[in-house]
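What follows is a short report on a single structure.
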Amino acid sequence: MSATINHYRLKIWLVGPGSPPMRKLHRVIEISGNAAFAALHDLILEAFDCADEEFYHFLLTRKAIKNLRELRQCDEEVVGYFDGDEVVAEDGNIIRHDALEYTLDDAKLKENNSIYYWYWFNSDDSWIYRIKIEKIRPVIDTTPEIEGWMGEVIKKVGPSPALYE
């Protein structure tokens, strides 16, 4: 028996003042849609040679953002420090999802959407990455009885930035 799963091709780069141009520093990752955002976090850290020591969250803007103020107004996020209290808010407050459970498919992302990964954000040295969904393709999984996800760094352009400068 086989099943169809989505594979996402993502292009990821640093954004903000002082960030190198995307064409000089970015990563391309492929990851299956059944992967939780925590797995995507791990893959991004691997791609940029970072240690997993800090807090993070994903902002599900689904569009390119022009500035930090606009990014902070995003009303849906996936958090790596989930406390379980605010999964869905119907009164206009932020919708929070647990990065350990919420998957890329759950987010219902589309090709050319953008989301943001905010790493180490409790510090003045936080980094913000833009993630562009370049391609979503269905793949026939011939081993659906084996639960798990696939993820791989496909391309590295430019050296990884120094984390603790």
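The values are calculated or read from the model by the stated rules, or taken from the named source; none is laboratory data. Note that the coordinates shown come from a computational prediction; the quantities given were computed from them, not determined experimentally. Cβ sites come from the backbone with ideal geometry, for glycine too, and all protein chains shown count toward neighbours. Note: accessible area is taken over every heavy atom of the protein model, side chains too, but ligands, DNA and RNA are not part of it. Shrake-Rupley method; radii C 1.70, N 1.55, O 1.52, S 1.80 Å.
List of remarks:
- Taking (1) under 18 Å from Asn113 (Cα atoms); (2) buried (at least 19 other Cβ atoms within 10 Å of the Cβ) in turn, Phe48 satisfies each apart from (1).
- Candidate set: the range 15-29, residues that are open to solvent by less than 20 Å² (accessible area, probe 1.4 Å) and more than 11 Å from the chain's Cα centre (by Cα); chosen: the one farthest from Gly148 (Cα to Cα): Leu25
- Unmet criterion (only one of (1) touching a residue at least 24 places away in the same chain (Cβ under 8 Å); (2) farther than 18 Å from Ser126 by Cβ) for Pro21: (1)
- Note on the range 1-98: enclosed strands (runs of 3 or more DSSP E) holding 1 or more residues that are at pLDDT below 85 are 3-15.
- Applying the criterion of being surrounded by 20 or more Cβ atoms within 10 Å (Cβ to Cβ) and among the hydrophobic types (A, V, I, L, M, F, W, C) to the residues of the range 1-13, the residue that is nearest to Glu111 (Cα to Cα) is Leu10.
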